[in-house]
Amino acid sequence: MDISFINGAALEKAGALVGFHTDDGITDSRLLLRSAGLSVRAGMSREKALYGLTMAGAIMLDMQDRVGSLEQGKDADFVVLSGDPLSVYTHVLQTFVEGKKVFDRSNPTDYLTQVGGFGAGTEREAHLDCFHDDEGGN
């Protein structure tokens, strides 16, 4: 109820290097972009928020020679977006890792994973409780 997204702005004001990260394997790209957008909404500069999505993390991991920006000789890890990176209406259209396309929203399988989560479209038995039918507790 009382959540605040002021951390990015406070850290920027203090002169700290601010990076964004999410470890959610399913909604990773959505939460990553939303985190930066919410920080801007709470007072962080747009420039530093975008930097926090790109170079800051690379610097923190001492990988700025390989990732964090698009330059000759770097890994070419990047996303293609449908609009403003900080907008809630923006979708990830494509993702490239080391120059190889690893996600394409126009691919039905990738699209289903993006909008429905891992396992979407796969027939599965629903488990609505923690009780099991067999005697072995399985």
Those lysines that a straight Cα-Cα span of less than 29 Å connects to Lys13, excepting residues fewer than 8 apart in one chain: Lys48
Long-range HN-HN contacts of Leu81 with modeled amide H, under 5 Å: Leu93
Label-point gap, in nm, between Lys13 and Val102 - each point 7 angstrom along Cα→Cβ: 3.7
The stretch 59-75 - phi-based ³J(HN,Hα) in whole Hz, Karplus 6.51/-1.76/1.60, Gly and Pro as x: 5, 4, 8, 6, 10, 4, 7, 10, 9, x, 8, 8, 9, 4, x, 8, 5
Potential lengthening between His21 and Val115 on full extension [0.36 nm per residue; Cα-Cα distance subtracted]: 31.8 nm
Simple label model, 7 Å out from Cα along Cβ direction - Ala42 to Gln72, nm: 4.1
Per-q log10 I(q)/I(0), the stretch 4-102, q = 0.14 Å⁻¹ (Debye; single scatterer per alpha-carbon; no solvent): -0.53
In Å², nearest 10: area of Leu93 left accessible to a 1.4 Å probe: 60
The stretch 29-86, accessible surface, carbon-and-sulfur percent (1.4 angstrom probe): 55
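Rounded to the nearest whole Å², what accessible area per residue is found for the stretch 64-103 with the 1.4 Å probe?
67
The values are calculated or read from the model by the stated rules, or taken from the named source; none is laboratory data. Just so you know, these numbers come straight off a predicted model, no measurement behind them. Methodologically, a virtual Cβ is constructed for each residue, glycine included, from the backbone with ideal geometry; neighbour enumeration extends over all protein chains shown. Only protein heavy atoms, including side chains, enter the accessible area calculation; ligands, DNA and RNA are left aside. Shrake-Rupley method; radii C 1.70, N 1.55, O 1.52, S 1.80 Å.
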